[in-house]
Amino acid sequence: MKMLFYPGCSMQRTARPYLDSLMAIRETIGLELEEVADWNCCGATEYMSVHRVPALALVGRNLAIASRQAEGTDTLTAGCSACYLNLAKTDQQMREDPRLAAKVNDALHAGGLSYAAGSLKVRHLLDVVCNDVGYEAVQAKVVRPLHGLRLAPYYGCQVVRPDPDSRWDDREHPTAMDRLLRALGADVVDYPLKTQCCGGHMTVIGPDVAYGLIRRLVHGAATAGADAIVTLCPMCQLNLDAYQIEMNKHYGTSYAIPVLYFTQLMGLAFGKAPAELGIGKEFVPAAPALSRISDRPPAAEAAKKKRRPRAADGLPMPRMG
Amino acid sequence: MSAVPSPSAADRAPECSAFLREVMDATPGDSRLNMCIQCGTCGGSCPAGPEMDHTPRRLFAMIRSGLRDAVLRSNTPWYCVSCYFCTVRCPQQIHITDVMYTLKGMAIGAQLYRDNSPPDFSQTFVDYVEHYGRSFELGLATRFSLRHHPLSLASMAPMGLGMLRRGRMELVPHRIEGMAQLTRILDRAKALEATP
Ligand code: SF4
Ligand code: SF4
Ligand code: SF4
Ligand code: SF4
């Protein structure tokens, strides 16, 4: 399956393990990724705050180059939430506002480029893995199931919201990554905070606000009994991992929940070596959690959820059977 | 009962304060901001709500009342982290997050903000993109922190070193090959932004 790929600045640096693990698994799942040539930064959530038309033209350059490159595919995929949303929203705003699209194209012409709104399908990497590659195809490649590993799937905000092209089952309680992790053999814990915000750029401009949000997410995962949090975004990973240490200092707490990318867990289940997947480069070490992976599947008995025995003095309930 | 036609943008326009119209015109597409029913769902959904000096709901009432200065001076748009909770929950489908972006841009244009650190962060980011075509965390973090919280820089140093040791940060920014092309595009876009 061929598609165009926009790595984004973070994947090349702070989120290098995300890129490395993606590269390590792409052949296994049959993804052929062609990098957008000489792409530029998409401006994150910052450029839009300063200039509007230039912010769209900035992203427009990437769309224009990608569409010129597109051969045998019209899908453009990105792994970073902000990159994905900027690409998808620029395309959407150009589709919905022809006057604005004309301005963006006028600017692009100054660089010898143009982009016809709607000609590319912008998709997040998780969407491609779950819906194009598919859960069964992923499961078929699992050689080392992640039995015994309890994972909290964390989607963050911008992949599932505002969801300009309606790609997800739910914008507050999505389940795609849950299913993917189960296909890898892992235990997925109930994590109601899965799409709550991690604070985005507040870690830099207003750390106190961000620490509160990070604590809630980490505490939620700890309470749910998770061994690790699984993420799909470089910024979420940075905020929950590196800033988990700062947050601990701030509150005098000692949480230690590692934060891994879903691609790293796929790699492990496919039998790749941790080092090849960038595991070990996280701030909160993942090794203790990963040592929980057991060779044997959970016993059939234990796997079936036992019903909690009803207390003798509980409310009278209708009995089945 | 005969169907009430949904008012077109032009019909609704007379009730708008000039400032409300200005905000709507500056937001891509139809933000529907004039349709706010003041239900408060946005404020109740906002993770940064408690730190904001006005909730989004209150800010929108202020916009409708034409309180331009007070709105553009507010920290609300700057504390917005673009989580889009309000946007997907708003019963009137108002593009709240997009409006926050518009307000940030207007506040920068009018030089009306009380705390200059968030706009400065955005501007520092933009500067790197305009020079290199890529962002540059190390430069961004140090340049921003030196100016705004020099004390925190020392406490954050271990994280920076940790990044370097893990091969997760570079010491020099990468420059794209098409920098001249990108500059031409952005210059033209800025000229277009200035014209209505
Ligand atoms: S949003 Fe972040 S990761 Fe994406 S291109 Fe911009 S700076 Fe890089
Ligand atoms: S969870 Fe955080 S980093 Fe991820 S998209 Fe939301 S604000 Fe951005
Ligand atoms: S949720 Fe929508 S309608 Fe309700 S107060 Fe906020 S903007 Fe207005
Ligand atoms: S998008 Fe901004 S205003 Fe809306 S809920 Fe999130 S932080 Fe608050």
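So here's what we get for this one:
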item: Hits in region A:30-82 (condition: within 16 Å of ligand 2 (Cβ to nearest atom) and within 11 Å of chain B (Cβ to nearest Cβ)); result: A:41, A:42, A:43, A:44, A:45, A:46, A:47, A:48, A:49, A:81, A:82
item: Looking only at region B:88-97, and only at residues there that are in a helix (DSSP H, G or I) and buried (at least 22 other Cβ atoms within 10 Å of the Cβ), the one that is farthest from the other protein chains (Cβ to nearest Cβ); result: B:96
item: Some residue of region B:103-111 being more than 10 Å from ligand 3 (Cβ to nearest atom) and not in a helix (DSSP H, G or I); result: yes
item: Some residue of region B:53-67 being basic (Lys, Arg), within 14 Å of another protein chain (Cβ to nearest Cβ), surrounded by fewer than 22 Cβ atoms within 10 Å (Cβ to Cβ) and within 14 Å of ligand 3 (Cβ to nearest atom); result: no
item: Any chance residue A:214 is at pLDDT 95 or above and over 15 Å from residue A:151 (Cα atoms); result: yes
item: Residue within region A:93-116 that is open to solvent by 10 Å² or more (accessible area, probe 1.4 Å), free of Cβ contacts under 8 Å to residues at least 24 places away in the same chain, within 14 Å of chain B (Cβ to nearest Cβ) and in contact with a Pro (Cβ under 7 Å, 6 or more places away or on another chain) present; result: yes
item: Where a residue in region A:1-19 is within 11 Å of another protein chain (Cβ to nearest Cβ) and closer than 18 Å to residue A:70 by Cβ and its partner, wherever it lies, is within 12 Å of ligand 1 (Cβ to nearest atom) and in a helix (DSSP H, G or I), with Cβ under 6 Å and at least six apart; result: none
item: Segments classed as helices (runs of 4 or more DSSP H), wholly inside region A:213-290, with at least 2 members that are within 22 Å of residue A:10 (Cβ to Cβ); result: A:234-251, A:262-269
item: Options A:7, A:54; residue that is of a type outside the set (Ser, Thr, Tyr), buried (at least 24 other Cβ atoms within 10 Å of the Cβ) and more than 15 Å from residue A:120 (Cα to Cα); result: A:54
item: Residue check for residue A:211: assigned by TED's automatic domain parsing to the domain that holds residue A:171, in contact with a Pro (Cβ under 7 Å, 6 or more places away or on another chain), among the aromatic types (Phe, Trp, Tyr) and away from ligand 3 (no atom under 16 Å from the Cβ); result: no
item: Subset of region A:260-295 (residues that are β-branched (Val, Ile, Thr) and without any contact (Cβ under 8 Å) to a residue 60 or more places away in the chain); result: A:284
item: Positions within region A:272-287 being closer than 18 Å to residue A:24 by Cα, open to solvent by 60 Å² or more (accessible area, probe 1.4 Å) and of a type in the set (Gly, Ala, Ser), in sequence order; result: A:275
item: Qualifying positions in region A:105-133 - among the acidic types (Asp, Glu) and farther than 13 Å from residue A:75 by Cα; result: A:106
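The values are calculated or read from the model by the stated rules, or taken from the named source; none is laboratory data. Source: prediction; values computed, not measured. Methodologically, a virtual Cβ is constructed for each residue, glycine included, from the backbone with ideal geometry; neighbour enumeration extends over all protein chains shown. These accessible areas exclude ligands, DNA and RNA; they are computed on the full protein's heavy atoms, side chains included. Shrake-Rupley method; radii C 1.70, N 1.55, O 1.52, S 1.80 Å.
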